[in-house]
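The values are calculated or read from the model by the stated rules, or taken from the named source; none is laboratory data. The shown structure was predicted, so the numbers you read here are calculated from the model rather than taken from an experiment. Here the Cβ is made from the backbone with ideal geometry for all residues, glycine too, and neighbour counts use every protein chain on show. Keep in mind that these areas ignore ligands, DNA and RNA; they rest on the heavy atoms of the full protein, side chains included. Shrake-Rupley method; radii C 1.70, N 1.55, O 1.52, S 1.80 Å.
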Amino acid sequence: MRRFAVAAALTLVALPAFGQASRPMIETTKVEGTDNVYIFRNGNHQAMFVVTKEGVIATDPVAYGRPQGGQQYVEEIKKVTDKPIKYLVYSHHHYDHIAGGKAFKDAGAKIIAHKRAKERLEKLADPATPLPDETFEKQRTLKLGGVTLELSYLGLNHSDTTIVMRLPKEKLIFIVDTIPVGAMPGRGMIDMYPLETEQFIERVLKMDWERLIPGHPGQPGGRLGTKQDAQDQLDFLRYASETVKAAAREGKCWDAVEKEVKLPKYEKWPGYENGLQFVLRRYCGLWGRGT
Ligand SMILES: [Zn+2]
């Protein structure tokens, strides 16, 4: 009996380490401290879904380049509830987050997104990305089975379609790409709105929430973000912006900046090596080019 207990304890200790070393491609986890909020992760992308007694509110299919990804997400939802999927909300228009919605439409979900997202998606007509059924400009509140999910557009930021999703009771927000948690922004800098993003993060900081679910697992360990993480990202953007502004006014954009400028305060952030070039290029676009 005693030996068995020891063996069981060892197994419990060993499992998390093993799990980390070989992280599954797809994983669904319940957000700690909630009864009904889940994170679905596929590779390095993740989305939130909320289960209510009248149905499920899902977000972002995260199935770019994964033809089965949408269906796999639907199946993961079915493992935790037999309630129908009523809504699929797009966080913004970028395909790496929203391709794969067909399985949700087939399951009867209504797709909701920002108005500008629909305009963009219509033009490009990506076969893997169904158009929204309903859009909004500033604010939309979804109420289902006793759960309230607020959708807000707070101005330009990572894109011109990125919204904030907030669960007021749970004090959780889901924001994709604009506020990386504990990490350097990367390629996504290419079409972001630098000055407006600073205002956006200031607005987010004023909202009532405690934890942020990011669209890519937070660093380290897939953690959720806090207001401190949002503030850190804002400080980073301002520092990068001021640094490149000074260089731009000495005529150093693009080449000299991309070769010479470093942001040593942030060199320990995951993604620094790869992300630096994208950050510098975006701010050269702003301060050296005017856009
Ligand atoms: Zn994006």
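Which is farther than 23 Å from residue 159 by Cα, at pLDDT 95 or above and either touching a helix residue (DSSP H, G or I) at 6+ places or on another chain (Cβ under 7 Å) or more than 15 Å from the ligand (Cβ to nearest atom) (or both), of 53, 123, 115? Can you show your working first?
Values: 123 fails: farther than 23 Å from residue 159 by Cα; 115 fails: farther than 23 Å from residue 159 by Cα.
Selected residue: 53, the only one of 53, 123, 115 that is farther than 23 Å from residue 159 by Cα, at pLDDT 95 or above and either touching a helix residue (DSSP H, G or I) at 6+ places or on another chain (Cβ under 7 Å) or more than 15 Å from the ligand (Cβ to nearest atom) (or both).
If we keep just the residues of the stretch 27-62 that are touching a residue at least 60 places away in the same chain (Cβ under 8 Å), of a type in the set (Val, Ile, Thr) and in a strand (DSSP E or B), which is farthest from residue 216 (Cα to Cα)?
Going through the qualifying residues, I end up with 52.
Quick one: residue 246 ticks every box in (1) among the hydrophobic types (A, V, I, L, M, F, W, C); (2) touching a strand residue (DSSP E or B) at 6+ places or on another chain (Cβ under 6 Å); (3) open to solvent by 10 Å² or more (accessible area, probe 1.4 Å) bar one, so which box is it?
Going through (1) among the hydrophobic types (A, V, I, L, M, F, W, C); (2) touching a strand residue (DSSP E or B) at 6+ places or on another chain (Cβ under 6 Å); (3) open to solvent by 10 Å² or more (accessible area, probe 1.4 Å) one by one, residue 246 breaks only (2).
Take residues that are open to solvent by less than 20 Å² (accessible area, probe 1.4 Å) and tell me which of the strands (runs of 3 or more DSSP E) falling wholly in the stretch 63-142 contain 2 or more.
Hits in the stretch 63-142: 85-89, 110-114.
For the stretch 253-270, which residues satisfy the criterion of being crowded, with 18+ Cβ neighbours inside 10 Å and within 19 Å of residue 190 (Cα to Cα)?
Applying the first criterion (crowded, with 18+ Cβ neighbours inside 10 Å) to the stretch 253-270 yields 253, 257, 261, 263, 266, 269.
If the condition is that a residue be crowded, with 18+ Cβ neighbours inside 10 Å and within 19 Å of residue 190 (Cα to Cα), then 253, 257, 261, 263 are the ones that fit.
Tell me, yes or no, whether the stretch 155-172 has at least one residue that is touching a Ser or Thr at 6+ places or on another chain (Cβ under 8 Å), surrounded by fewer than 16 Cβ atoms within 10 Å (Cβ to Cβ) and either polar (S, T, N, Q) or without any contact (Cβ under 8 Å) to a residue 24 or more places away in the chain (or both).
yes
Within the stretch 236-245, identify whether any single residue is of a type outside the set (D, E, K, R) and within 16 Å of the ligand (Cβ to nearest atom), and answer yes or no.
Yes, the stretch 236-245 has at least one match.
Go through the stretch 192-222 and report how many residues are in contact with a Pro (Cβ under 8 Å, 6 or more places away or on another chain) and on the phi > 0 side of the Ramachandran plot.
Residues in the stretch 192-222 being in contact with a Pro (Cβ under 8 Å, 6 or more places away or on another chain) and on the phi > 0 side of the Ramachandran plot: 0 in total.
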